[in-house]
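Working notes, beginning with the structure itself.
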Amino acid sequence: MSHRGTVEKRTTKSYPFFRNRLVNMVVNRIMKTEKKSLAYQILYRAVNKIQQKTETYPLLVLRQAICRVTPNIGVKKT
């Protein structure tokens, strides 16, 4: 039995501008060499282009794109 206390599970914090965890997860995937501000700039430019071209809520389009990219079948080790 461990002498240390139990560790609480941490959830990812949502970015206050969009209030969406998906945005934070996408930014962390874009981010390289700890330049989060650059990753946010890239995401904001992409969101603005989506909004101009489709004239819909850009996070809805982002969520649909991610759902289409993720595989439907779980891959299992044989």
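Laboratory data are not the source of any read-out in this text; all were calculated from the coordinates shown. On a predicted model such as this, the values are computed, not experimentally measured, just so you know. Because the Cβ atoms are built from the backbone with ideal geometry, glycine has one as well, and the counts that use them run over all protein chains shown.
Amide hydrogen proximity for residue 20: with H placed 1.01 Å from N in the peptide plane, the residues at 5 or more positions away or on another chain lying under 5 Å are 15. Taking a Cβ cut-off of under 14 Å around residue 66, the surrounding Lys, Arg, Asp and Glu residues balance to a net charge of +4, with basic ones at +1 and acidic ones at -1.
Among residues other than residue 22 with Cβ under 11 Å from its Cβ, the summed charge is +4 (Lys and Arg +1, Asp and Glu -1). Counted by Cβ distance under 12 Å from residue 39, the other residues give a net charge of +4, where Lys and Arg count +1 and Asp and Glu count -1.
For the chain, the Kirkwood estimate of the hydrodynamic radius, built from every pair of different alpha carbons, is 15.2 Å.
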